[in-house]
Structure formats: structure tokens, C-alpha cells
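The values are calculated or read from the model by the stated rules, or taken from the named source; none is laboratory data. Keep in mind it's a predicted model, so treat the numbers as computed, not measured. Note that each Cβ is placed from the backbone with ideal geometry, even for glycine, and that neighbours are counted across all protein chains shown.
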There are 2 protein chains.
Amino acid sequence: MTTIQETTPAALTLQTLETPAAVIDVPRMQHNIRRMQDRMNALGVRFRPHVKTSKCSQVVQAQIAAGAAGITVSTLKEAAQFFDDGVTDILYAVGMVASKLPAALALRRRGCDLKIITDSVASAQAIVAFGAEYGETFEVWIEIDTDGHRSGIRPDEAALLDVGRVLHEGGATLGGVMTHAGSSYELDTPEALAAMAEQERAGCVLAATRLRDAGLPCPVVSVGSTPTALAATHLEGVTEVRAGVYVFFDLVMHNIGVCTTDELALSVLTTVIGHQADKGWAIVDAGWMAMSRDRGTSKQKHDFGYGQVCRVDGTVVPGYVLSGANQEHGVLSREGDADPDIVSRFPIGTLLRILPNHACATGAQFPGYHAIDPHADTGTWSRLHGW
Amino acid sequence: MTTIQETTPAALTLQTLETPAAVIDVPRMQHNIRRMQDRMNALGVRFRPHVKTSKCSQVVQAQIAAGAAGITVSTLKEAAQFFDDGVTDILYAVGMVASKLPAALALRRRGCDLKIITDSVASAQAIVAFGAEYGETFEVWIEIDTDGHRSGIRPDEAALLDVGRVLHEGGATLGGVMTHAGSSYELDTPEALAAMAEQERAGCVLAATRLRDAGLPCPVVSVGSTPTALAATHLEGVTEVRAGVYVFFDLVMHNIGVCTTDELALSVLTTVIGHQADKGWAIVDAGWMAMSRDRGTSKQKHDFGYGQVCRVDGTVVPGYVLSGANQEHGVLSREGDADPDIVSRFPIGTLLRILPNHACATGAQFPGYHAIDPHADTGTWSRLHGW
């Protein structure tokens, strides 16, 4: 048994941070960005990363620099932030509702090429009515439901053409169709993922075909989730792909089988603050406020509790997880049995890093990230919070 | 069946907010503060609210105004914020570790009467060594484990006296003992809660007695959690109580049985953005980014999913919950069966309020609260984020 000790340069940098802290391993992040962009290039599609994972300017700039064509956002606040950073081609991928049209209009009036989405006649009517009132031609994509997990119109539903006509005849730009096969998160074999990727592709292409056959325009066919983007064998008929969490990956993605733990670029730096030796527990200062309450691995093949324990240099300590969490306390323990050597293995003051279940949720707990790069200055990258 | 419509003044104010938004019902909050303070006064103890629930200056000021004697914090950032607001008597209720002593020293040097805690000889030694080096007499309380749920020294452990002696003989001020019976969250009958309150009280008093019998000082005996504070029948030997979530209450507390839904003071304002009529779903713009991933009611007697649906005036819509959540999408559905009238019952654009499982976790998702008070101006109250 060795006590956890670290003397690499990155580890020394981390020694200076207050804990808990969110840490981005920049070389891993750049590898992930490169991996996805290369794959999209090989598949012959544009790539529009979903920036809801990082909500961070420096991360988005790295995605754009690698070849991303526009971005996807989950809030209009993200759209405003990244437009201010110079990104103009932005898809707001949550169904538009009347009360948010003034904010969308304001962005377009400032020069942002904002696209919005809808999956209902009622919402489409609200968009065209508002557009007519303010003299704005909104670009609208229709959301397609290819896997039954959330929003969207099924590819074979009559409503698809109704919505298309309301938009097109009402003076909006019918820009295309988009779908997100979020149920891919429930799969964990290459075969099932490839099948879901094909289902997502085929459904979205069918919707586009039906619109075009009805004489309606549909230039864009946009699909994507991290698992399906990495599992798709071909993307015939698709013009662009969206994915978000790939930029950091996380334990949920690891369990799905689309990354290794060596590719996980986000972790939470934490300090051991105590023990319950009889129970084999070390108590750390990363509780759920730091890790988030996301227990996305709880129904997967490997339940990591609130996260996988790593040494401060980022190497995994096999078999040790955060098995419990209160607001500012995490319970670190060995999977399966109590470690009688927990106190000497992880003495008070030991710095550790915890890989999260879900990078989007864990990132959201922090105002900023500490970016660690052995080849560049370490910096603090701020992160959007709220709406 | 009536469509959800609202015309009260508070509802009109809420119409102007962008969604999702965190809303505090100020009269309910003031009622909760009064209820707890009155109870503590009747039990003859000081009350030191835990401000980790709100992390909000206006809420803390209301607690102080009602009679609170000092506050409890979960991070040193909270301590600094609320000290700047004028609160001097602050207990940092997470085990102190060497790397955080400089920040604690800085607060004390600025005049903050900061108390810190420990549950180990190693940490106690670090505190006294640091205090000696910098000429600072830290006030330290010993954390007691009265229910086995997390940190602390058991009342009958030999280590209690060891830690007491290290602190007292090392020049620190041994200020007392404190405990938190967090396992009260797993109970839901008045009898079990009262028994846990007595276990918490008796254990902490025993620890104090052992210290005093060994010739060590122990002026403070501090106990508390919201359920045990409200269930205790007497607090003999206790000098102060701590509790946090009572200020807002939440669905977890409702299931435990210490409040009614009419006492829940925090909710999330949301807008219906779409439907999946076949499934009986309305889609709202409060996903887990707004509600948090906390599923604290999932193992309780009533599982509310991600929250209880209310009309915009705050009245409960019985039987409707957020049954699912993605990052910016919530799935609203009827418990038990699909509602065939979901589209007409909750049309697109409908404003609703969602009561959260866990107020501490949901509040943390927002940079600020919208405080709604029919007798005063509505305001935005900012909330601390991060460490």
C-alpha cells in the first residue's frame, strides 16, 4: 500500500487551489474535441457542438477552432454570451414559447443568426404572429421525436406538415428538422448504439423527406447525441450533428461505452477532512453541492455512487468511489467492503480528484473551472450560471 | 375541468419574470422563521440557523431579526459574505482541515467570531500548531456523532477526550460540542422523530459531560436538524439548536411530516413549452438545471418525481408532478395514469410553480431568488454560488 503522494507540475498547481474546485484537464479536452470533429469530418457532416455542457467561452472557442460550424445552446442566456464572444450561428434547442420571443428577437436584431425550434402548431402560430408584428423573419426548425424520450413530432405524424405549413406560409424561414435521441443514454452495447444512431438518422431524414415531398423547404437535417454521434456508421441525408458532453465525457458515458476513464476531462478537486475508520470511510469536502445530485450511473452496469476517486494527478484509484454525499461532505469508501486501512491510505489533508457521473450537472455547481495544461498557463475559466 | 388562470397581484408580478425562476413566498418564509424561533424560545435554547439553505443576505437578516443568535455556515465563503453583512457569531460546521486555516484566520483577524469544528486528533493538532504559529486562539467545537450518519466522534469514544486535551492544552478555546442527527431525514413518524431528537440530545449532552468530568471546558452543547428541532420534547443540557431547511421547507420535509405543503416557501416558476398528448405529458422549461437532480422523495412515502405542480398563485394541483427531467426540459404528468386532457389543462404558455424535493439543492441552481410579498415590493435577492 502506498500513500497518495503527487509531485508532478500539474499536481503542484492543484495544491494551491481551494477545494472543492472544478478542474479541466485541457489536453484531454482537446483530445475529445479533436476526436469528435475528426469523426464528423469523416462522416461528411457539419458539427454543431452543444455548449450546455461547459457554458464556458474558452471551451467553446476551442470547439470552434477545431472546426465546429455554429453552436447549440440550451438557454437564451448562453446564446447572448456566446454571440458576444463572436459566434453568430446559434441554434436554441428548446421549444420556443411566446414569452421568449422578445429575447430571441433582440438577439437577431443585434446580428445573431439565431435559429429556434418548435414542435406544435400553437407555438408555430405564435412565432409567425410575433414575426409579422415585428417584421422579423425567424428561422425555425421543426423538432422531431425519433425515440419517444421527450419532445418533438414523430416523423410519420400528420402534425409535421401542419407545423411546416404554418411556418412556411406564415412567413418564417423553415430551416430544417432536428432531433436528439436522448434514449441512447440508456444503452451500453455498440450494436444497440449503432441501431439507435440509425433510428435517429432515418427518422429525421424521413421527416425531411415528407416536408420536401409536400413542397416545403428543409435544407437542414440535424441529429445528435454524444453516444449516437460516436456510434453512427453512416449519416446519409444528414447535414449536421450536435453533441455536447463529449467535450468532457463522464462516468455515464464511460458506462455507455463511448469513452475510457482516461478521456474524462472534468474532475472535482477535493480534500480529505476526516474519517470514520470503523466503517472504512474517508470524509471529503466534495459533497453533492460540488458533485451535483446526479446519480446517472445508479442504473448502469457500474454504479460509481457520486464519483470515481482519482489521485491528484488524475489517475484512477480502482475500487474507491464517493458512496454518499451530503451538502458539503462526501463519503469516500471502497466498493464491496470496508477498507481497514482507510485512514493511512487517505490521511487528512490528502488531495484527490473525483470523476463525476454527469459533467453537465457537476460543472453547473461551479462558477468557474480551473484549466490545467502542462504546456500552458493554468487559468480560471468562468462558467455561465442561471438563465 | 378548468384551465389554469391567475389574476392575483402576485401572479401578475410573476407574469413578468423570465422562466425558469426561483420564487420565495415571503409571508410563508416569515411564518417558518417565526415558527422555529418561537419553538426554540419555548424550549429555552438559543437558535443558530444554518444558512446553507438560502445563502441569501435578506433571508439571513430575517432570521436574525426574528431572534437568531448567530448563524451556521457550510463554507467559508458564506462566513465571509454574512460577516460582511454584519453577522459576527458564525459557526463553520464542516470539519476544519489545515489548508483552510489561513482563510479562517483571515476572518478572525477581521473581527469575525468564527468557530470551527474538528473530530480528530490529527486535525486538532493542525489547528493548535497553526494557532501557535500565528498567535491566534481559535475557538474549536468538537463534532459528535450521535446517529452514525456522517462525521463526528461517538459520545462514548476515548478519542473525544484525546481531542479535547489536544485543543485545550494546545492553547485553543475548547468552545463546546456539536452534533447533527442527519438520519432524521429517513424517518416519518412523530414517535421516531421524537426518539431521534432525544438520541441527538442525549448523545451530545453525554459528550459534554465526559469532557467536563475530565476537567475540560464545554460551555456550548449544540444540536440540530430541522426534523429533530421540531420534534424535540425537551432539550435539557442543550444550549443551542441549529437547523436550516425549515426556512423554506420542501417536499422531503413534507414527507417526513414536519410541515404542510402550504408552508413550502420556495418554488420554481416555469412555462409550459409543449406536449406529448398521447403520453399525457406537458413539457415545461424547468428541467433538472432548475430543479436540481435531487430525488430526495424517491424513497419516501410519496415520490414527487422532480416536484409538485402548483398554479402560479402557489396552490397545489393535486396529482400532477414533474415525473422526469432533462437539463432544460421537465416532463409534467399525472400520477398513476396519463391525463387525456393534458393539452387543454396546461396549454402552451401556461405559467406554473413547482415545489422542490430539496430546497437547498434547488436554490443552488439559481443566482438569485424573486421574493414575492403582497405587502411589500417584489425584489430580486441574490444567492451565493461556489466556494
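Out of the residues in segment A:174-200 that are within 28 Å of A:ASP113 (Cα to Cα) and touching a Gly at 6+ places or on another chain (Cβ under 7 Å), which is surrounded by the fewest Cβ atoms within 10 Å (Cβ to Cβ)? So, considering only residues that are within 28 Å of A:ASP113 (Cα to Cα) and touching a Gly at 6+ places or on another chain (Cβ under 7 Å), the one surrounded by the fewest Cβ atoms within 10 Å (Cβ to Cβ) is A:LEU174. Per the listing B:VAL316, B:VAL238, B:VAL321, B:VAL245, the residue uniquely more than 14 Å from chain A (Cβ to nearest Cβ), under 29 Å from B:GLN63 (Cα atoms) and surrounded by 22 or more Cβ atoms within 10 Å (Cβ to Cβ) is B:VAL238. Selection of segment B:171-197 for residues being out of contact with any Cys (no Cβ under 7 Å at 6 or more places or on another chain), not in a helix (DSSP H, G or I) and not aliphatic (A, V, I, L, M) yields B:GLY171, B:THR173, B:GLY175, B:HIS180, B:ASP188, B:THR189. Scanning segment B:126-156 for residues being more than 10 Å from every other protein chain (Cβ to nearest Cβ) and more than 23 Å from B:GLU240 (Cβ to Cβ) gives a total of 9.
Only one entry in B:VAL59, B:VAL23, B:VAL97 is touching a Leu at 6+ places or on another chain (Cβ under 6 Å), over 17 Å from B:SER222 (Cβ atoms) and either charged (D, E, K, R) or not assigned by the TED database to the domain that holds B:CYS360 (or both), namely B:VAL23. The residue of segment A:101-125 that is farthest from the other protein chains (Cβ to nearest Cβ), among those that are within 23 Å of the chain's Cα centre (by Cα) and among the charged types (D, E, K, R), is A:ASP113.
Take A:LYS299 and decide whether it is within 21 Å of B:VAL121 (Cα to Cα), of a type in the set (Lys, Arg) and surrounded by fewer than 24 Cβ atoms within 10 Å (Cβ to Cβ). Spelling it out, it is not the case that A:LYS299 is within 21 Å of B:VAL121 (Cα to Cα), of a type in the set (Lys, Arg) and surrounded by fewer than 24 Cβ atoms within 10 Å (Cβ to Cβ).
Of all the residues that make up segment A:255-304, how many are closer than 22 Å to A:ALA229 by Cβ, within 14 Å of chain B (Cβ to nearest Cβ) and not acidic (Asp, Glu)?
Our first condition is that a residue be closer than 22 Å to A:ALA229 by Cβ; within segment A:255-304, this holds for A:255-266, A:294, A:296-297, A:300-301.
Keeping just the survivors that are within 14 Å of chain B (Cβ to nearest Cβ) gives A:294, A:296-297.
Retained after the next criterion (residues that are not acidic (Asp, Glu)): A:296-297.
Result for segment A:255-304: 2.
For segment B:331-384, residues that are of a type in the set (Phe, Trp, Tyr), within 11 Å of chain A (Cβ to nearest Cβ) and farther than 30 Å from B:CYS56 by Cβ total 0.
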